[in-house]
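See structure below.
Read-outs: derived from the displayed coordinates by stated rules, not from any lab. What you see is a predicted model, and the numbers here were worked out from it, not measured in a lab. Cβ: placed from backbone, ideal geometry, glycine included. Neighbour counts: every protein chain shown.
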Amino acid sequence: MLFRIDTSSQRPLFEQLAAQVRRAVLDGELADGERLPAARELAESLRINQHTVLHAYQLLRDEGLIELRRGRGAVITARSAQRYQRLSEALDAVRQEARRLGLPLSAVATMIEHPVEETA
């Protein structure tokens, strides 16, 4: 897998890396049990701090997408593809409905980030 970062983006580098791993899992580019590059190697190849890569890996671990093991590195978990596939399908349905209603995806993203709480 080829990682790319955009240093001019406002999105933090660790989030850019994590998003690329998520996308690769959804696209089937990364499969269960597959290893990600060692944090040091990836940091060197991208010319970024190793802690930035570790931060991305820790975020993915907290999401259940990867396991971090000493000596084995970062490995895609067995259940990750299924979980992300279901979410991807649900998001596809949301995108289709937004298009049908003429809503921009930025409005949908805002609704996801800040749901309207119902009052009793």
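Candidates PRO104, LEU36, ALA24 compared by Cα position along the dipole of the chain: farthest toward the positive end lies LEU36, with charges placed on Cβ. Each helix, a run of at least 4 DSSP H residues, gives -39500 (n - 2.57); summed and divided by the residues of the chain, these come to -17500 deg cm²/dmol at 222 nm.
Would you mind giving the three semi-axes, in whole Å and largest first, of the ellipsoid equivalent to region 7-62 according to its Cα gyration tensor?
Whole-Å semi-axes of the equivalent ellipsoid: 18, 14, 10.
Extension gain for ARG95 to ARG4 (0.36 nm times residue separation, less C-alpha to C-alpha distance): 30.2 nm.
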